[in-house]
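Structure, as structure tokens:
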Amino acid sequence: MFASRYVPESSRKRSYESSESESESGSDSDSDGGEQIEKPLEVEQEDSDNNDDETSQPSDKEEKDSESESEDESVSSNKSEDSESESENMPNEVDDSNQTKHSSIFKRLKASLDISKKLVDIDQDQEEMSDDGSRAVEPAELVPIPQPELPKDKRVYLSSNVNGGNLDYIAKPVYYASTTTKPFDTLFNEIFGSSPNKYQQLVSNLKSNNFESAFSVQLAVFNELVSKNKCFTSPINSPNNNNGDLLVNAATGSGKTLAYLIPILMSLSNRIVPKLSCIILVPTRPLVNQVLATVNSLTKNLGLNVIASNSNLSIKKEMEKFQNFKPDILISTPGRLVDYLTYNDKNDDYETQSTGYKLNLRYLQFLVIDEVDRLLNQSFQNWINIVNKKIESDKLPVAHNEVFNYSIQKLLFSATLHNDVNKLSSFNFYKPKLLVVDDDKFANNDANTGLDSSFYKVPENLQEFEIFVNKEFESFKPLLLLKSLIENHSFKNILVFTKSNESSLRLTKLLNLLYTNYQRFYSQELPQEIEIHYLNSTVSGNNKKKILNRFTSDKINILVVTDLVSRGLDLTNVEKVINYDLPISSTDYVHRIGRCARAYNYGEAITMICGNGDRKWFNKITKPIKRKNEIKKLLFSQEKESEGAKLVLTELENKFYNDSLAQLQDAVLSRG
Ligand SMILES: Nc1ncnc2c1ncn2[C@@H]1O[C@H](COP(=O)(O)OP(=O)(O)OP(=O)(O)O)[C@@H](O)[C@H]1O
């Protein structure tokens, strides 16, 4: 009869869950025990329901044990009352069997409780029962409830040590004003006396390259490396003179290359015999060439040997070149450097030959890592570990308990310095210091907690714009881009960023067609014949160089690119950067727009925003970046004329665009 009684779903579920947890804790009792302790009556019924035919009985010992415990007694007495009152309502013929059944239930209950009791931990065993049979709760100290692991947060890092290193340098950056300049003459005379001083040749090289005054970041690094360091007045950079590694965050185009080159060239110009004293690492080959050109322009008559990695040559050829040429300065990508450092490990025979040469880091004084956040993401080839190991293994043997080794000063630069201190700490810094070139040190920088995207900064003289178009016009974006260029009369020195190789190719072709067709459709003279070209990773190394040369010599008007060129490239003539496709991060935005307004020149960055999704994303990535000027809206003439008017494309514009699209399709199909 009980077996057919309705058991609420919730009770069944509780019973089931209890059973699960019991079995997890290793108990072989049935499902009742745990639940009975808290909800005796309910479970009694369930027990009856579920165990009518159950044959297993508690052992004698269990029965005795359970009887001797007050807790069990109390529970038992409750149950007796309940069962009595229940039995009153039962038909007489079932009373006997009910009593038998109940006593068997109580026995099993006691047994279950006994087993449960053995399973509870010692603290619970010590709990006292109150008079009413409920558990007396002992006052416990309030302790925090265990919390789930927090998401990665810079503040967590900042309060801890990573790899045993102290992270104070991140939490307490040294700020330098971003617009201060000082003539190089004055700067050098202040420290080394009036000219001519021993760095006269370097100053003269700077001047002959039109570098008259030091920019802020150059003053900052000069102050840290030169003004505070005796090594520049002594012939060598001895370990005692190394006043620590530097990490520098300064805006794009603010002159970071010269910031590290000037002190390094000063130090090395004192050297007696050539030996590898400085390695400069940059992420890409075009950047290797760019830095090489700058170093060459500044080392005239300094007698220094400078070499850049050249992946057109075999490693063997390059190693031979190193052997003959004995570089003081090597400029490379990390990947190529690893190739050099591991070359003889892979080619044992080679070492035994007379031409065998190993790149030795024993005399290395400066290790420069430019665009460090990007290079930290290039963890392939395990380059940091290999360089670290090589530095260690090349150290001179310890003699007479004295170590005389050159202390390598690490100089790290970026406009978007990495905030992953775990990664940064892999450089094994020595007395690191973080320099931030920024006037406005507290604005937009919550609690001044070190590196994050709030250190990112728009160049001083850059004006940002946005063009918003409704989602319905998404497929007309190329037309709207052309419309904007025509309305703003700008067809020169423009870099257009797209999201992919394919997008850059397609846009270049379509823009060319649109431009040509425009004059035919509108019988309107456009300013000039223009050349629109693309540059992406499908272009070979030599062609890349040619295209960039054509662009910087104003032969290409509009260069449609991918993020391949968003980092570090110094294309001095860029007047306007257009984000045709949105960048995928604040970092990419900073580097893209930083291709213009370089060296404190003026420039414009325009971002095309299509629909509300784009709008949200654009707001999100631009919000943490510091800027002097607000981002302005760039309106089409139609929108300007009647403020708030929705953009409408004319029939002619539609036809012009569709014809051009059809032409593009024909061209693609005829090729394919
Ligand atoms: N003191 C100076 N006087 C005049 N021009 C300078 C000076 N220092 C650097 N420049 C010029 O400023 C431009 C930007 O310099 P550089 O490429 O070093 O910038 P950057 O800070 O490394 O930028 P990015 O973060 O984009 O790599 C270059 O054209 C460089 O020649």
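Values in this text are rule-based calculations from the coordinates and carry no lab data. Quantities reported herein were computed from a predicted structural model and do not represent experimental measurements. With ideal geometry, Cβ positions are generated from the backbone for all residues, glycine too; neighbour counts draw on all protein chains shown.
When the trypsin sites (Lys or Arg not before Pro) in segment 507-602 are filtered for DSSP coil states and for at most 11 other beta-carbon atoms within 10 Å of their beta-carbon, the remaining sites are LYS555. For the residue pairs LYS457/LYS499; LYS172/LYS457; LYS390/LYS423; LYS300/LYS321, the C-alpha atoms sit no more than 24 angstrom apart in every case. Label-to-label distance, LYS317 versus ARG362, with points set 7 angstrom from Cα along the beta-carbon direction: 3.0 nm. Computed over neighbours whose Cβ is under 15 Å from that of ASN388, the net charge equals +3, Lys and Arg +1, Asp and Glu -1. For every other residue with a beta carbon closer than 14 angstrom to the beta carbon of LEU462, add +1 if it is Lys or Arg and -1 if Asp or Glu, then tell me the sum. After counting each charged neighbour, the total is +3.
How about segment 455-496: which GluC sites (Glu not before Pro) there lie in a loop by DSSP and see at most 12 other Cβ atoms within 10 Å? Within segment 455-496, no GluC sites (Glu not before Pro) qualify (loop, at most 12 other Cβ atoms within 10 Å). For segment 573-650, the direction-averaged projected area of the alpha-carbon convex hull comes to 6.5 nm². With 24 Å as the limit on Cα-Cα distance, the pairs of LYS545/LYS576; LYS198/LYS395; LYS483/LYS632; LYS256/LYS576 that go past it are LYS198/LYS395. Report the extension gain between SER637 and ASN573 in nm, rounded to one decimal, defined as 0.36 nm multiplied by the number of residues separating them, less their alpha carbon distance. Residue separation times 0.36 nm, minus the Cα-Cα distance, leaves 20.3 nm. Ranking ASN573, ASN619, GLY603 by Cα position along the charge dipole of segment 520-630, where only Lys, Arg, Asp and Glu carry charges on their C-beta atoms, puts ASN619 farthest toward the positive end.
Excluding THR333 itself, what net charge comes from residues whose Cβ is under 12 Å from its Cβ, given Lys and Arg +1 and Asp and Glu -1? Here the charged neighbours net out to 0. Here the contact order of segment 554-647, divided by its residue count and restricted to Cα pairs under 8 Å and six or more residues apart, works out to 25 percent.
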